[in-house]
Amino acid sequence: MADIQVFFERHGGSPNLKVIVLNARQPVLEDEGVHWHFQAEDPRDLDEVEIEFEDPKAKYFHTATPPNKFRRALAEGDTIYGRPPEDRKPQDPVPGEGNQVRMHGYKDKYWIRGYKAGKVVAFLDPEIVPIRPPS
């Protein structure tokens, strides 16, 4: 399971927030879950958080509509749970030792957004790398 920590830090005073992501480049196995944990320096700065993948085929949120996007009110919880899509063919082999291929995967570009009263107050666009070990 991949745990990605997301912090919203005050930057120059409220409401200017900076998004800091720990473990952003952590590889994610395609059959494992991904958990984004959210914290704000001052909880009054945010009402909601959102993860949205740029590619509509990046269906990390199987119960959401659309499945490439999930928004959560922080009053309901501080974690968003996802799972890499399994229906895509791997690409971009990552070389291992010699000529062996160690893993395949996508680099899925996504957005992290923080909201206050329905307006975006902070955002960042990192990548996540779901991988598939060679069969």
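Details
- Amide hydrogen neighbours beyond the local backbone of ASP47, cut-off 5 Å, H modeled: TYR115, LYS116, ALA117
- With each label modelled as a point 7 angstrom along the Cα→C-beta vector, the GLU9-LYS107 pair spans 2.4 nm.
- Taking amide hydrogens as placed 1.01 Å from N in the peptide plane, the amide H of GLU30 sits under 5 Å from those of ILE131, each at least 5 positions away in sequence or on another chain.
- Ignoring lysines fewer than eight residues from LYS59 along the same chain, the ones with Cα atoms less than 23 angstrom from its Cα are LYS69, LYS89, LYS107, LYS109.
- ³J(HN,Hα) computed for each position of segment 110-116 - Karplus, 6.51 cos²θ - 1.76 cosθ + 1.60, integer Hz, glycine/proline x: 8, 10, 10, 10, x, 10, 9
- The slack in the chain from ARG44 to THR63, taken as 0.36 nm per residue of separation less the alpha-carbon distance, amounts to 4.0 nm.
- The slack in the chain from ALA75 to LEU22, taken as 0.36 nm per residue of separation less the alpha-carbon distance, amounts to 16.8 nm.
- Amide H to amide H, with H built 1.01 Å from N, TRP111 comes under 5 Å of GLU52, PHE53, GLU54, counting only residues 5 or more places away or on other chains.
Just so you know, all these numbers are worked out from the coordinates, no wet-lab data involved. Predicted model only: the values in this text are computed from it and were never measured. All Cβ positions, glycine included, derive from the backbone under ideal geometry; neighbour counts span all protein chains shown.
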